[in-house]
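Colleague: The structure that follows is given in the form of structure tokens.
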Amino acid sequence: MPYDYAKLAGKITEVFTTQARFAEAMNLSERSISMKINGKIGWKQSEITRACNLLGLENAEIPVYFFTLGVQN
């Protein structure tokens, strides 16, 4: 089942304004970030850790931002 990254996308916009700026801070391409947020490719553990540090997320918030199951139609 795919994950819902809507809350993560909102936090990225809140903190970095654009996915491009977030991608630069993550040392990833904007396309890579877009594919991850759209569930086309997965997040590596090291990327989740870096994203949390950059976005100011606590470890307890990881499930909400990275492991919320999406609703299937």
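Colleague: Among LYS7, LYS11, which is the only one that is crowded, with 17+ Cβ neighbours inside 10 Å and under 10 Å from the mean Cα position of the chain (by Cα)? Lay out the reasoning, then the answer.
Modeller: Working: LYS7 fails: crowded, with 17+ Cβ neighbours inside 10 Å.
None of the other options fit; the residue is LYS11.
Colleague: Also: Residues that are in contact (Cβ under 8 Å) with a residue 40 or more places away in the chain and not hydroxyl-bearing (Ser, Thr, Tyr): list the helices (runs of 4 or more DSSP H) wholly contained in the chain that include at least 3 such residues. Let's see the steps before the verdict.
Modeller: Values: elements: 6-16, 19-26, 30-37, 45-55, 62-66.
Per the criteria, 6-16.
Results for (1) out of contact with any Lys or Arg (no Cβ under 6 Å at 6 or more places or on another chain); (2) more than 21 Å from GLY70 (Cβ to Cβ); (3) at pLDDT below 95, shown as yes or no for each residue.
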{"residue": "MET1", "(1), (2), (3)": "yes, no, yes"}
{"residue": "GLN19", "(1), (2), (3)": "yes, no, no"}
{"residue": "SER29", "(1), (2), (3)": "yes, yes, no"}
{"residue": "ILE33", "(1), (2), (3)": "yes, no, no"}
{"residue": "SER46", "(1), (2), (3)": "yes, yes, no"}
{"residue": "ARG50", "(1), (2), (3)": "yes, yes, no"}
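Colleague: Mind counting the residues in the stretch 14-27 that are more than 14 Å from ASN53 (Cα to Cα) and within 12 Å of the chain's Cα centre (by Cα)?
Modeller: The total comes to 1.
The values are calculated or read from the model by the stated rules, or taken from the named source; none is laboratory data. Note that the structure is a prediction, hence the values are computed from the model and not measured. Every residue, glycine as well, gets a Cβ built from its backbone with ideal geometry; the counts of neighbours run over all protein chains shown.
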